[in-house]
Amino acid sequence: MSGQNKPNILFIFTDQQRWDTMAAYGNHEISTPNMDRLASRGIIFDNAITPCPLCLPARTCAMTGYPAGRLKSLENSKAEMSDNRDTIAGYLGKNGYYCQAIGKMHFSNNPYEESYGMDSMILSEETRGLRQAASREDIVLDDYDRYLAARHIWGWDKPPEIGYNEIKPVINYLKKEDHVTQWCGDETVRWLKEKRPKKRPFFLWTSFVKPHPPFDCPAHLADFYTGRVTYNPWISERDKNNPNPHFRRYREQNEFCLYSEEAQIRTKEYYYANLTFIDEQIGRILDTLESEGLSENTVIIFTSDHGELLGDHLLWYKCFGYEGSMHIPLIISWPSVLPVNIRRNEQVSLLDLFPTVMNLAGVTVPGMKRPGRDLLVFDGNRCEDDIGVSEILYPPKYMLHIRTNHWKYLYYQNGGYEELYDLKSDPHELHDLSENPAYAAVKSSLVSRGISWIKEYDNPEYALDGGQLKKAPYTEPAVSKGRPFSRMPWDSRIPAGYGINGIFFDNQDRSDWSFFIRAEDLIPRPTGRNKGY
């Protein structure tokens, strides 16, 4: 295809959105009319999973098509790659595309350290450039930080003593137009209207920070879901006394017991509210594509990096292989070319985005084998037999998750614990069959297929020993220090010693915002593709 005939490709990612949070996936309590609008104009994948239920690895897997173990990125750590342009953006850029990132990429813990081939990045990385900085000199403010700082409201995007991974339900009182969700929508609309190259196809990755914790509700939606949300998490008797001690330790360390049922209901309401706010922005983006005459030739892929447990199995956050954490929404919409309002049932993964995009763009990729396949090539006979593999190195040991449409096998290397679920009869994973001899053959088959997949596509050093799943004696995870949940300084404004044009600030009096920061005084961010921007 010539450059003019190649379709534009738009990724819309949310962060930590479980699959069952749209009407298109059967949820009639949540208001997501624009996500559902995409679904009605596209292909809905009912069995999509993340290859790693953690932010950075999942995003890197999506960009590269490689499993997290192969990338040696099973925690929130930068991938190890000999060629960091062996990516969707890298190949599209070589074939005439302009590649733009907007929002949360989380390709590394330094906002501008890695672009994986993006021509330009406009980032909102949850102050990671401050929180992860090893020294004062390493501090980097991202674009959203700079937006807030220029308006003298940097740090006020988080309510007092709320960190970036807290489930406590609170209100975010930033003005709607200053909220990170609105900012991401604004930047995307502005780019489509004013900044996109007019004579080149584009690859645009718009990535919203939310509904990732903290579950701080945007103020204009504070009462939107009050009394409208049913809170009925999937909890079994086994969950209350799980023989795997990792669960007890995880709950204790995160102090989930401190949250009353009322607080948990409110948290789910706020989680939904953040999705509804994102949905507003998706509507604006879809409207802009239409007004700019781009709809006919733009493929939209909507998904999330991983899910959120929302209290299922007495757990919150992600990292585990349960459905709330592992199962994600996935929609592909290009109504001028592809079928609309149809459902696909085969097992798919974020790893499938790479070959799908390459084929859409007419790009042939040489080199190493990837496990994904083009999502737009359908073979209905494969649905029941396909497997999906997800993995994570959750301290202190590796965890493996193997899923088909029928079965789910979970393996915890730390102690060698197993779980097995029949997803057809037990979709909420309440009845563990792993020790039932009647299902020994099912378990053995899943393990065997998972091992074969790891040997062919992944990195066996994490998972295997002598060709079998590695087992280690149970070890207690390290105890985190400090207050629970807090990931931010108590005074979360620009820290003491951070220099702007040679002026440094102390801890005594930083109330005069007009004195200590002006938009024109901000330290320039890194530029140039070789520096990751």
Legend entry - Any pair with Cβ under 7 angstrom, 6 or more apart, that starts in the range 342-369 at a residue that is among the small types (Gly, Ala, Ser) and ends at one that is in a loop (DSSP other than H, G, I, E, B) and open to solvent by 50 Å² or more (accessible area, probe 1.4 Å): 361/95; 362/1
Inset, instruction - Output the residue which, of all residues in the range 222-250 that are in contact with a Gly (Cβ under 8 Å, 6 or more places away or on another chain) and not aliphatic (A, V, I, L, M), is surrounded by the most Cβ atoms within 10 Å (Cβ to Cβ). - result: 246
Inset, instruction - Find the residue count for the range 134-181, including only residues that are of a type in the set (Ser, Thr, Tyr), open to solvent by less than 70 Å² (accessible area, probe 1.4 Å) and in contact with a helix residue (DSSP H, G or I) (Cβ under 8 Å, 6 or more places away or on another chain). - result: 4
Legend entry - Pairs, first at positive phi in the range 13-42, second of a type in the set (Asp, Glu) and surrounded by fewer than 24 Cβ atoms within 10 Å (Cβ to Cβ), C-beta under 7 Å, six or more apart: 26/20
Inset, instruction - Could you list all residues from the range 3-48 that are touching a strand residue (DSSP E or B) at 6+ places or on another chain (Cβ under 7 Å), under 20 Å from residue 207 (Cβ atoms) and open to solvent by 20 Å² or more (accessible area, probe 1.4 Å)? - result: 19
Inset, instruction - Output the residue which, of all residues in the range 155-187 that are among the hydroxyl-bearing types (Ser, Thr, Tyr) and touching a Lys or Arg at 6+ places or on another chain (Cβ under 8 Å), is farthest from residue 257 (Cα to Cα). - result: 181
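Table: residues versus (1) in contact (Cβ under 8 Å) with a residue 24 or more places away in the chain; (2) open to solvent by 30 Å² or more (accessible area, probe 1.4 Å); (3) in contact with a helix residue (DSSP H, G or I) (Cβ under 7 Å, 6 or more places away or on another chain); (4) over 24 Å from residue 370 (Cα atoms).
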| residue | (1), (2), (3), (4) |
| --- | --- |
| 411 | yes, no, no, no |
| 436 | no, yes, no, yes |
| 443 | yes, yes, no, yes |
| 456 | yes, yes, no, no |
| 464 | no, no, yes, no |
Legend entry - Yes/no for residue 420 being open to solvent by less than 50 Å² (accessible area, probe 1.4 Å) and touching a helix residue (DSSP H, G or I) at 6+ places or on another chain (Cβ under 6 Å): yes
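Go through the range 203-239 and count every residue that is among the basic types (Lys, Arg) and farther than 23 Å from residue 285 by Cβ.
The number of residues fulfilling the criteria is 2.
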Legend entry - Within the range 275-325, considering residues that are under 25 Å from residue 213 (Cβ atoms) and among the small types (Gly, Ala, Ser), the one surrounded by the fewest Cβ atoms within 10 Å (Cβ to Cβ): 283
Inset, instruction - Filter the strands (runs of 3 or more DSSP E) completely within the range 379-438 down to those with at least 2 residues that are of a type in the set (Ser, Thr, Tyr). - result: 388-394, 407-412, 417-422
Inset, instruction - Could you run through the range 300-351 and say how many residues are more than 15 Å from the chain's Cα centre (by Cα) and at positive phi? - result: 5
Legend entry - Residues of the range 243-278 that turn out to be in contact with a strand residue (DSSP E or B) (Cβ under 9 Å, 6 or more places away or on another chain) and in a loop (DSSP other than H, G, I, E, B), as a count: 2
Legend entry - Tally, over the range 264-274, of residues that are open to solvent by less than 20 Å² (accessible area, probe 1.4 Å) and farther than 27 Å from residue 177 by Cα: 0
Inset, instruction - Scan the range 434-444 and give yes if some residue there is closer than 26 Å to residue 65 by Cβ and not small (Gly, Ala, Ser), otherwise no. - result: no
Inset, instruction - Could you look through the range 192-214, keep only residues that are in contact with a helix residue (DSSP H, G or I) (Cβ under 7 Å, 6 or more places away or on another chain) and among the charged types (D, E, K, R), and pick out the one that is least open to solvent (accessible area, probe 1.4 Å)? - result: 210
Inset, instruction - Would you check if there is a residue in the range 77-84 being touching a helix residue (DSSP H, G or I) at 6+ places or on another chain (Cβ under 6 Å), crowded, with 18+ Cβ neighbours inside 10 Å and of a type outside the set (Ser, Thr, Tyr)? - result: yes
Legend entry - Residues within the range 210-224 that are of a type in the set (Phe, Trp, Tyr) and free of Cβ contacts under 8 Å to residues at least 60 places away in the same chain, tallied: 1
Legend entry - Residues satisfying the stated conditions in the range 424-434, i.e. in contact (Cβ under 8 Å) with a residue 24 or more places away in the chain and more than 21 Å from residue 471 (Cβ to Cβ): 427, 428, 429, 430, 431
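The values are calculated or read from the model by the stated rules, or taken from the named source; none is laboratory data. Only a predicted model underlies this, so the values are computations on that prediction, with no experimental measurement involved. Quick reminder, even Gly has a Cβ in these numbers, built from the backbone with ideal geometry, and neighbours come from all protein chains shown. Ligands, DNA and RNA are stripped out before the accessible areas are found, and what is left, the full protein with its side chains, is counted by its heavy atoms. Shrake-Rupley method; radii C 1.70, N 1.55, O 1.52, S 1.80 Å.
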